[in-house]
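Written out below as structure tokens is the structure these notes cover.
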Amino acid sequence: MKTKLFFVPLLVALGFIAVAKATPIEEGKSIFMSRCAACHNVNKVMTGPALSGVDQRRSLDWIINFVHSSQAMVKKGDTAAMAIFQKFNRVPMPDHPDLTAANIKNIVDYIKAESKPVAEEKAPFAKPGMKKNFYQPLTMNNYGFFIGYFLVVVGLISALYLAVQLKTFERNRKEKDISG
């Protein structure tokens with residue numbers, strides 16, 4: 001009985017340790033979703049730039065300094081920080097001085113994991129011969145359509161003609177029954 005009481009708290013403690021120890025990518029995703037996703041997407045430009053490949057464009061130290069205080073870097077005259085600030089309509093990125101270097105590295109690891117290769121974006125009309133129409137315009141070569149349409153029209157006209165003839169026949173019969 002005493003051994004069971006010893007193992008239960010031990011198992012509970014190990015469970016909490018396992019749950020609390022998230023992978024760096026999961027931690028980076030959690031921080032990204034709560035702090036960055038309102039303005040940034042990994043693969044798409046939003047209020048801020050798309051972050052795919054940020055680790056290839058900038059050093060980790062630069063990224064950490066920028067995340068901690070982007071405006072401090074702009075005021076110091078960092079050309080890359082000033083270019084980003086100008087490109088995105090002079091909208092300042094909020095400072096995150098409470099994030100540690102390890103937190104920011106985890107965010108960068110998450111961005112690497114989520115990055116998709118950037119394909120050159122082309123207009124949908126770049127190759128009109130390759131674009132498939134969702135409809136086909138009618139031509140004289142659409143015999144099946146025209147024959148079907150003609151048969152439906154003839155069928156409707158025949159049904160209406162028959163209905164008129166039946167009504168006429170019923171009226172004539174009623175008139176004969178009344179008069180005769």
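Things to note:
- Whole-Hz Karplus values for segment 99-116 come out as 7, 7, 4, 5, 4, 5, 4, 5, 5, 5, 4, 5, 4, 4, 5, 8, 5, 10 Hz, taken residue by residue from phi with 6.51 cos²θ - 1.76 cosθ + 1.60 and θ = phi - 60°; glycine and proline positions read x.
- Over 19 Å between alpha carbons, listed pairs 44/112; 44/76; 44/116: 44/76
- Taking packing as the residue-averaged number of other Cβ atoms within 10 angstrom, the listed peptides 140-153, 32-45 run from highest to lowest as 32-45, 140-153.
- Whole-Hz ³J(HN,Hα) from phi, Karplus 6.51 cos²θ - 1.76 cosθ + 1.60, for segment 32-44, glycine and proline x: 4, 5, 7, 10, 10, 5, 5, 10, 10, 10, 5, 10, 9
- The HN-Hα couplings worked out from phi for segment 76-81 by the Karplus form 6.51 cos²θ - 1.76 cosθ + 1.60 (θ = phi - 60°) are 6, x, 4, 5, 5, 5 Hz, whole numbers, x standing for Gly and Pro.
Just so you know, all these numbers are worked out from the coordinates, no wet-lab data involved. Computed from a prediction, not measured in an experiment: that's the story for all the values here. In this analysis, Cβ positions are derived from the backbone assuming ideal geometry, glycine residues included, and neighbour counts consider all displayed protein chains.
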